[in-house]
Every structure is written in C-alpha cells, then in structure tokens.
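All remarks here apply to the structure that follows.
Any read-out appearing in this document is the output of simple, stated calculations on the displayed coordinates, not a laboratory observation. The shown structure was predicted, so the numbers you read here are calculated from the model rather than taken from an experiment. Every residue, glycine among them, receives a Cβ derived from its backbone with ideal geometry; neighbour counts consider all protein chains shown.
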Amino acid sequence: MSYDLNGKHVLVSGASTGIGAALAEGFARRGATVGICARRAELLDEVAGRCREHAPGSRAWTIDLADLDALPEFARTVSDELGGVDVLVNNAGIPKRKTVFALDTPTIESVMLINFFSPVRLTTALLPEIVERTGRFVFVSSVAARLSPPGEAAYAASKAAISAWAECMQVDLRDTGVKVHVVYPGVIDTELFHLPDNDPGPTAIEALPVDAIVDPVLTMIEHDRFELAVPEWFGDIFAGKYKDVGAFLEGTIAYARSQEASN
Ligand SMILES: NC(=O)c1ccc[n+]([C@@H]2O[C@H](COP(=O)([O-])OP(=O)(O)OC[C@H]3O[C@@H](n4cnc5c(N)ncnc54)[C@H](OP(=O)(O)O)[C@@H]3O)[C@@H](O)[C@H]2O)c1
C-alpha cells in the first residue's frame, strides 16, 4: 500500500446520498476523518452520524455547489473546522438525460456548472493545502465520458471535461508527490436514475448496488492507481473504442435503436 487513509482528512462532495454517502462511510471505516457536503441537511446528518461511529471528528456542511463564488470561503471553512484536508473527492454531480433536440442552453450550462466548473473551483481552492500535505484528488467521472451514450451529450461532455482536467492536473503535479485519480462508474443503483426531468436511464446493463464501488475506489487510492472503471470490464470497452471510433459509434447507434424499441 502506498497511501494510508488512516488518520487522513477527506472531504467528499455530494455525500448526502448514493456513491458519495457510501464512499464517506468507507473512508471513515478506514480511519479517515470525513467531511461531507451537499444541499440536504437531514440526509447529511444521517451520513455524518454513521461516519462518526468510526471516525468521531467527521462532520457535515450544507452548501449549494452551484454557487461558485462561495467555494473558496467554503474550502477555508472546511479546512479550519476539519483541521486540514488531505483528500478531496469531487463526487457531486447531476445527470441530464436528454437528446440534443431537447437540450437548451440553460440546461447545458447547469450540467457544466455542477459537473465541471464547481469541482474545478473547489479543487483550485484546496490545491495549495493538498499539495503541502502531499494529498490526493479524486474525480468521480462517468463511463459516459468515454462511451458517447445516447441522450447524454451534455452529461457526457461535462464528464469528459473533468476527466481531461484530472489527467492534465496529474501531469502538472508531477513534482509534488500528489496523486490524482479518476473513477468511471458504470451503472450504480442511486437516485441519479430517478431524478425528474430526465429521459429513462439505460436498461441493458444491470445496476450494481452502491456498496460495490467503495472498496475498489479506496484500493485505487491506496495503491496509486490513476483510474478505475466500476465494473472494471468497462475499461476494455474504452480501449476498444479508440481503435475505430466511427465503428464504435455505429455500434452505439444500434444500441440506441434497440433501447428505443424496448421503451
Ligand atoms: N450512479 C451511477 O451509475 C453513476 C454513473 C456514472 C457516474 N456517476 C457519478 O457519480 C456521482 C455521484 O452520483 P450518484 O449516482 O451517487 O447520484 P446521487 O445519489 O444523485 O448523488 C448526487 C449527489 O450530488 C449532490 N449534489 C447535486 N447537486 C448539488 C449541488 N448543487 N450542490 C451540492 N450537492 C449537490 C446531491 O446532494 P443534494 O441533492 O443533497 O445536494 C447528492 O449527494 C455523480 O458525479 C455522478 O455523475 C454515477
């Protein structure tokens, strides 16, 4: 193991539900003090309570991460109240499953705001401190960033943007000892697939329970692995795509037609 999470201070965004909540508890079970944030205070309190069973200093803050100008001050507050931040997990995200015919400009901008601009602002706010502590940055992207799924242009573009940011950031941080990680969840059973104002989610792939992502992500960080798809077989599909992107898109179009026929 190269990075021991025990005793570290970890901030997880979007941890009121789903992957963020499960990861927060996972970090706490590893002995990390966990800070969590999102908009829904009651849910955050429940998650923070479960984290405190393992890591008593864990705590929660309510914040709307769409408010970019509030993020530097929020980062200072978290750092002061948590006693520093070693690991930032940029997990908060929103879908917007709509075809390009239905995506208007405000919708596209709202997706980029939460899935790209907000994690980047939080990252740059915490960068000096995490570099000083030789910490870790984790970005929760999506298989959509690499698989060009039907009806997800805004979402996939926002996730491709954050993946590219993370890759370049690791190169820029080459002399610091800091590691950057990117997670590519496939289909994990969370609220993401039940939010209003979205087309139906994919039906061809069976959703994994949220706990299935926790140990692989923690192990990725502990062993300095740059990226991880969950389930891992998505990694083989990524590799196959770049041999012939046109042929890959033909396959995706056939998949989209089969989805239409089954709806
Ligand atoms: N589930 C999957 O299969 C899957 C696949 C690929 C990628 N992902 C990615 O995994 C991450 C977690 O998603 P999830 O599946 O766990 O979905 P989720 O249960 O809907 O969790 C999303 C989290 O983001 C928070 N959030 C959303 N907008 C926010 C805002 N404006 N301010 C603060 N917090 C905000 C939500 O909290 P509040 O509503 O309380 O603010 C919630 O805690 C996302 O980045 C998602 O894109 C998920």
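Could you give the size of the charge dipole of the chain about its Cα centre, using +1 on the Cβ of each K and R and -1 on the Cβ of each D and E, expressed in debye and rounded to the nearest 20?
Magnitude of the dipole: close to 240 debye.
Run the helix sum for the chain: -39,500 (n - 2.57) per DSSP H stretch of 4+ residues, divided by residue count, reported at 222 nm to the nearest 500 deg cm²/dmol.
Calculated from helices alone, the mean residue ellipticity at 222 nm is -14000 deg cm²/dmol.
Given DSSP loops and a limit of at most 12 other Cβ atoms within 10 Å, what is the longest stretch of the chain that contains no such trypsin sites (Lys or Arg not before Pro)?
Excluding the exposed sites themselves, the longest stretch runs over 41-173.
Along the charge dipole of the chain, Cβ charges K/R +1 and D/E -1, which of G14, S2, A212 sits furthest on the positive end?
S2
Along the charge dipole of the chain, pointing to its positive end and built from +1/-1 on Cβ of Lys, Arg, Asp and Glu, which listed residue (T252, P56, L68) has its Cα farthest out?
T252
Using a basic spin-label model with each label point 7 Å from the Cα along Cα→Cβ, how many nm lie between A102 and N6?
5.0 nm
When the chain is fully extended, how far beyond the present Cα-Cα distance does I253 get from A212, taking 0.36 nm per residue of separation?
Residue separation times 0.36 nm, minus the Cα-Cα distance, leaves 11.8 nm.
Rounded to the nearest 0.05, what FRET efficiency is calculated for A41 and N263 with R0 set to 51 Å and r the Cβ-Cβ distance?
According to the calculation, E is roughly 0.90.
Give me the net charge for the shell around K179: Cβ to Cβ below 14 angstrom, other residues only, Lys and Arg +1, Asp and Glu -1.
Result for the local shell: -3.
Can you give me the pair-distance distribution of the chain, C-alpha pairs, 5 Å bins, whole percents?
Per 5 Å bin, starting at zero, the Cα-Cα P(r) for the chain comes out as 1, 6, 13, 18, 20, 17, 12, 7, 4, 2, 0 percent.
Using a simple charge model, +1 on the beta-carbon of Lys and Arg, -1 on the beta-carbon of Asp and Glu, nothing else, what dipole does region 75-156 show about its Cα centre, in debye to the nearest 20?
Here the size comes out at about 320 debye.
Which residue, chosen from H223, N115, G93, occupies the Cα position most advanced towards the positive end of the dipole of the chain, where the dipole is computed from +1 (Lys, Arg) and -1 (Asp, Glu) charges on Cβ about the Cα centre?
Working it through, the farthest residue towards the positive pole turns out to be H223.
Under a Cβ-Cβ cut-off of 12 Å, what is the net charge of the residues other than D211 that fall near it, where Lys and Arg count +1 and Asp and Glu count -1?
For residues surrounding D211, the net value is -2.
Tally Lys/Arg at +1 and Asp/Glu at -1 over every other residue whose Cβ is under 14 Å from the Cβ of T17; what's the total?
Here the charged neighbours net out to -4.
So which GluC sites (Glu not before Pro) in region 50-98 end up in coil per DSSP with only 11 or fewer other C-beta atoms within 10 Å?
E53
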